[in-house]
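For reference, the structure discussed in these notes is given below.
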């Protein structure tokens with residue numbers, strides 16, 4: 001199918017884009033188009049006004065600022081994939097971005113677009129949740145910052161007001177000796193994941209887990225941290241401890257549909273999280289040994 | 001804004017297969033529809049129109065993109081390569097010849113997009129191995145070949161390009 005008619009604006013600056021949004025009813029922001037364009041083509045979305053922010057160069061960057069990694073909302077997924085800074089400081093994000101769509105979609109798809117579309121099984125929202133990213137949001141009225149938990153309000157629903165744009169994120173990298181793992185299950189490579197699991201661990205001098213971050217995608221409407229499982233990992237380095245932590249996922253509410261019922265998602269989440277914890281621990285061990 | 005451009009009609013200039021083209025498009029016209037209907041380049045095929053099948057894949061400034069997921073107006077100032085741009089003077093490119101030799105297509109509907117993806121891959125990595133080829137092809141659906149001959153053709157193209165190096 002073809003999109004219904006709309007008015008297209010192509011602002012060159014964030015200020016222009018914000019003015020256009022403030023002055024329009026039923027407007028949508030067009031980022032890389034890898035989610036919104038299918039919705040337009042299928043007429044699942046029919047905005048009157050489209051504000052295309054692809055020409056705003058100031059929104060595409062990856063840089064280090066005061067010990068944090070700042071990434072612009074219009075940074076292409078391809079540029080995240082090939083960024084040396086991301087590979088070095090945010091290895092979880094690097095591992096996850098390789099599982100986002102395909103080369104042909106990562107060339108245009110953006111970090112901000114993925115976060116704003118907020119598909120329950122999308123990888124980038126899970127990474128933001130796992131790493132406690134700060135999201136920067138702007139409108140003609142001003143600027144505010146949100147945590148991923150505040151930003152992700154519900155099923156494909158963000159906290160953005162109609163006149164607001166996500167401009168970028170800031171992520172504090174973990175110490176270089178941490179371990180990480182991002183795994184997902186999809187029916188074919190590059191398809192939407194059914195469930196994904198992200199694990200990050202840091203070890204103390206005895207080689208026991210001192211900090212953990214555990215996040216599940218595709219289990220609920222938004223990415224889900226599991227503080228109980230994170231707590232259960234503290235002080236552990238044994239397989240039984242990892243099993244017990246992963247098993248806590250069984251207590252989560254899960255999305256339910258005929259193709260992937262909630263019992264199946266919970267079982268998948270438990271297995272994937274167990275695998276992610278094991279791999280993250282091994283990597284932390286290897287990095288600690290090399291340090 | 002280019003003269004002739006309103007918020008609903010956009011006068012754009014782009015370079016398609018090394019030829020400068022000027023065309024006026026509606027806001028909602030996708031790049032793939034512009035190429036096919038307005039520029040007469042029907043080699044770019046449309047399958048699913050939501051970015052999944054890969055048939056409409058073209059090169060935008062040398063990088064693959066789904067022609068159905070980009071508005072024509074967004075291609076203003078871009079360099080586009082379609083399957084028509086691969087062969088010079090009626091002679092098949094080595095990649096296309098390899099598809100001929102290896103029977104890398106049956107109905108041919110998905111082939112233009114696959115050729116563009118493999119063109120990008122071989123430009124980035126002229127020694128691409130089978131894994132890299134299969135990974136690149138994962139962004140395309142083919143309902144006839146079972147993919148084996150497509151992979152064989154891509155590997156033959158790698159061999160051919162190596163021979164020329």
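Derivation of every value follows stated rules applied to the coordinates shown; laboratory data play no part. It should be emphasised that the depicted structure is a prediction, and the values quoted were computed from it without experimental measurement. Heads up, the Cβs are rebuilt from the backbone with ideal geometry, glycines too, and the neighbour counts pull from every protein chain shown.
Quick rundown of the values:
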| quantity | calculated |
| --- | --- |
| Antiparallel %, DSSP beta bridges [both residues in chain B], to 5 | 90 percent |
| Label-reachable residues, the range A:131-154, where backbone N falls under 13 Å from a point 7 Å from residue A:170's Cα toward its Cβ | A:133-137, A:144-147 |
| Calculated over the range A:99-246: convex hull of Cα atoms, volume per residue (Å³) | 124 Å³ |
| FRET E, pair residue A:271, residue A:177, Förster distance 30 Å, beta-carbon r, rounded to 0.05 | 0.65 |
| Cα gyration tensor shape for the range A:134-213, rounded if a/c is under 1.5, else prolate or oblate | oblate |
| Considering only the range A:1-119, percent of DSSP beta bridges that pair antiparallel, nearest 5 | 40 percent |
| GNM flexibility winner over chain B from B:32, B:153, B:132 (Cα, springs under 10 Å) | B:132 |
| Sites residue B:15 and residue B:123, calculated FRET efficiency, Cβ-Cβ separation with R0 22 Å, nearest 0.05 | 0.80 |
| GNM result for chain A, Cα springs below 10 Å: residue of A:132, A:256, A:79 fluctuating most strongly | A:256 |
| Ranked A:42, A:1, criterion: other C-beta atoms within 10 Å, fewest first | A:1, A:42 |
| Gyration tensor (alpha-carbon) shape descriptor, the protein assembly as shown, a/c threshold 1.5 | oblate |
| Chain B - convex hull of the alpha-carbon atoms, volume per residue in Å³ | 109 Å³ |
| Residues A:174, B:100 arranged by fewest to most Cβ contacts within 10 Å | B:100, A:174 |
| Rounded FRET efficiency, nearest 0.05, which uses the C-beta distance separating residue B:61 from residue A:25 and R0 of 41 Å | 0.75 |
| Global geometry of the range A:1-107, whether rounded, prolate or oblate, following the gyration tensor of its Cα atoms and the 1.5 cut on a/c | oblate |
| Antiparallel DSSP beta bridges within the protein assembly as shown, percent to nearest 5 | 85 percent |
| Percent RCO, i.e. relative contact order, over chain B, from Cα pairs under 8 Å lying at least 6 residues apart | 22 percent |
| Exposure proxy order (Cβ contacts within 10 Å, fewest to most) of A:94, A:2 | A:2, A:94 |
| For chain A: relative contact order, % (alpha-carbon pairs under 8 angstrom, 6 or more apart) | 15 percent |
